[in-house]
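Written out below as structure tokens is the structure these notes cover.
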Amino acid sequence: MDAGTRDPGARPGGAEYDAVIVGAGFAGLYQLHLLRNRLGLRVHVIEAAEGVGGTWWWNRYPGARCDSESLSYCYFFSPELYAEWEWSERYPGQEEIRRYLDLVTERFDLRRDIRFSTRVTGARRDDAAGLWIVETDKGERITATYLITAVGCLSSANVPKIPGLDRFEGRWYHTGAWPHEGVDLSGKRVGQIGTGSTGIQVAPVLAAQAEHLTIFQRTANYSVPARNRPLTPEEKRRIREEYEETRDLVRATTNGHAYHISAKSALETPPDERRALYDAAWETGGLRFRTVFGDLLTSAEANETAASYLREKIRDVVEDPEKARILSDIDHPYAAKRPPIDTDYFETFNRDNVDLVDLRAEPIEEVTTRGVRTSAREYPLDVIVFATGFDALTGPLLALNIQGRDGIALRDFWREGPRTLLGLQIPGFPNLFTVTGPGSPSVLTNMPVSIEQHAEWIADCIGWLRENGVSSIEASPEAAAEWGAHVNEVANRTLLPTVKHSWYLGANVPGKPRAFMPYAGGLARYRKICDDVAANGYPGFVLGEKKPAADASLTELVAATEGVTSRV
Ligand code: NA7
């Protein structure tokens, strides 16, 4: 429906804006478009960066590139937009994604409602007025009926608290907050800490730029060649022509990618045939490798067939037997942690200027003025690159310092882990919506597809509230408890929660509660659940002034949602 044709409905408490959205990445931009251009609401977006892009604004480390294929790493809501934009490579690079989001911003005239270079420092529910008061680092207080977080799942950088970092005389950087002007590494001795998806992506580029690269590995990781390459004119034409098929496919698959996971069992496939399928998938490259068999994430034995294949590949590539041993000594099932893909990662260890340090054998003890000292020796360095990941999913939300009804702080309510309904709403926090929040498929999927689904659900919900004159919506504690139990149960059917050092569980951040955070039941199934909830008038949500838990204390709220935290 066009702006202006809808009855604006109830606007309780005289809020300045109908909605405040935090963040101007994929999620915030589309949410703004839906709420302003489709529902005709007064919307204000607050963004800490100087431009749009979210993750792709900050992650400018050399070689930064998406692991999702470009034909699916984009919006699908507008066929015209899909036709207008042309990706140049199989996987989109950071700068190209940023340009794409700039185009989206201009095309839908979004910039005028975004406040850049402004950080949200707090958000508080005013119960009497029925609105949110959002505070910023510029000293403003902005009021809104709805508060929508579009802050991303991986936006709070995790810099390990290594003693002595403050006295290091060289320079250090986190990959997720890379200087925009770039870093000149020529002639430098660089130390890289972390070998997750980012570390595996950045290492070959650092090795090519620096005089010497020392890679500090805590946990060895599998990786499959990405096989990135320029798209041919014929492929570009086909991508455009097949828009509808691709859109329908990404919305129907488990992970929101443009390919299905095979139903075939690795264990029931004869070894020769299995090997041939792995060989073909290795040649195809990328995240498609994990789709060869349907039981790789549910059976440890099936998984081992892929894991041993990949360990063998590492030993084939890496010439130094000791390096090959350290790199292939992997302690978890394949794809039970986020599976990295790479361009020449293992080949990098064959370069003369690259060393590998096994932190399991010699843990880091401190950063000295000159470099990193492990239990075995000091490694002199000019630059340290932390590819140490993020305080995932909950970190960016807690950083907003949100206080819900009765002054209950989100940080206190989530002390033992996140408690949500569908990863969309939180009991005790009326009219707060979390795009790709914990408890939704989020990081287990191709993010733009999950984001579109959430932004549309939220816009439909707000449209419905206003059409029906309902002033607020809030997850009921009982429904959130049920959802948490379901998230837990679904995760426990897979190998995902079995990994010790997994950020899916919050285990990468010391002191963070252990809880399996994303919904592992698949995006297609999740979408159906969300659609059913909306079609049935939002069961599980408290609508309007009923507020059965209105006088709940924090303790009561925590007790009422017991079971929500997906502890494993
Ligand atoms: P990840 O996947 O969390 O990887 C972080 C890496 O840093 C991983 O190898 C960690 O080892 C290592 N790490 C973390 N803390 C330390 C300390 N204190 N000492 C040594 N090593 C450490 O983050 P990424 O940025 O690679 O990927 C995140 C997502 O971004 C990715 O999934 C994509 O969606 C894009 P560990 O395994 O914990 O032993």
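The values are calculated or read from the model by the stated rules, or taken from the named source; none is laboratory data. Keep in mind the model is a prediction, meaning the values are calculated, not measured. When we count neighbours, we look across all protein chains shown, and the Cβ atoms used for this are built from the backbone with ideal geometry, even at glycine. Heavy atoms of the whole protein, side chains included, go into the accessibility calculation; ligands, DNA and RNA do not. Shrake-Rupley method; radii C 1.70, N 1.55, O 1.52, S 1.80 Å.
So for the stretch 154-162 (the condition being touching a Pro at 6+ places or on another chain (Cβ under 8 Å), loosely packed, with under 15 Cβ neighbours inside 10 Å and farther than 30 Å from residue 511 by Cα), does at least one residue qualify?
The answer is no, given that none of the residues of the stretch 154-162 is touching a Pro at 6+ places or on another chain (Cβ under 8 Å), loosely packed, with under 15 Cβ neighbours inside 10 Å and farther than 30 Å from residue 511 by Cα.
Out of 430, 438, which single residue is crowded, with 24+ Cβ neighbours inside 10 Å and in contact with a strand residue (DSSP E or B) (Cβ under 6 Å, 6 or more places away or on another chain)?
430
Taking the condition of being of a type in the set (Val, Ile, Thr), open to solvent by 20 Å² or more (accessible area, probe 1.4 Å) and within 16 Å of the ligand (Cβ to nearest atom), how many residues in the stretch 198-239 meet it?
Residues that pass the stated criteria total 2.
Which of (1) within 16 Å of the ligand (Cβ to nearest atom); (2) free of Cβ contacts under 8 Å to residues at least 24 places away in the same chain is the odd one out, the single condition residue 436 does not satisfy?
So residue 436 meets the others, but not (2).
Every residue in the stretch 50-81 that is open to solvent by less than 20 Å² (accessible area, probe 1.4 Å) and away from the ligand (no atom under 16 Å from the Cβ), please.
Residues satisfying the conditions are 51, 52, 74, 75, 76, 78, 81.
What residue, of 347, 322, 365, is without any contact (Cβ under 8 Å) to a residue 60 or more places away in the chain and not in a loop (DSSP other than H, G, I, E, B)?
322
Evaluate the stretch 372-380: report whether one residue or more is within 16 Å of the ligand (Cβ to nearest atom), small (Gly, Ala, Ser) and surrounded by fewer than 20 Cβ atoms within 10 Å (Cβ to Cβ).
Yes, some residue in the stretch 372-380 is within 16 Å of the ligand (Cβ to nearest atom), small (Gly, Ala, Ser) and surrounded by fewer than 20 Cβ atoms within 10 Å (Cβ to Cβ).
Tell me, yes or no, whether the stretch 108-123 has at least one residue that is within 25 Å of the chain's Cα centre (by Cα) and of a type in the set (Asp, Glu).
Yes.
Let's see how each residue does on (1) under 21 Å from the mean Cα position of the chain (by Cα); (2) in the same structural domain as residue 352 (by TED's automatic domain parsing); (3) within 30 Å of residue 543 (Cβ to Cβ):
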position: 140; (1), (2), (3): no, no, no
position: 165; (1), (2), (3): no, no, no
position: 169; (1), (2), (3): no, no, no
position: 172; (1), (2), (3): no, no, no
position: 176; (1), (2), (3): yes, no, no
position: 226; (1), (2), (3): yes, yes, no
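Quick one: in the stretch 90-111, of everything that is in a helix (DSSP H, G or I) and among the aliphatic types (A, V, I, L, M), which residue is nearest to residue 235 (Cα to Cα)?
97
Would you pick out the residues in the stretch 471-511 that are in a loop (DSSP other than H, G, I, E, B) and either farther than 26 Å from residue 405 by Cβ or open to solvent by 30 Å² or more (accessible area, probe 1.4 Å) (or both)?
493, 494, 495, 499, 500, 501, 502, 507, 508, 509, 510, 511
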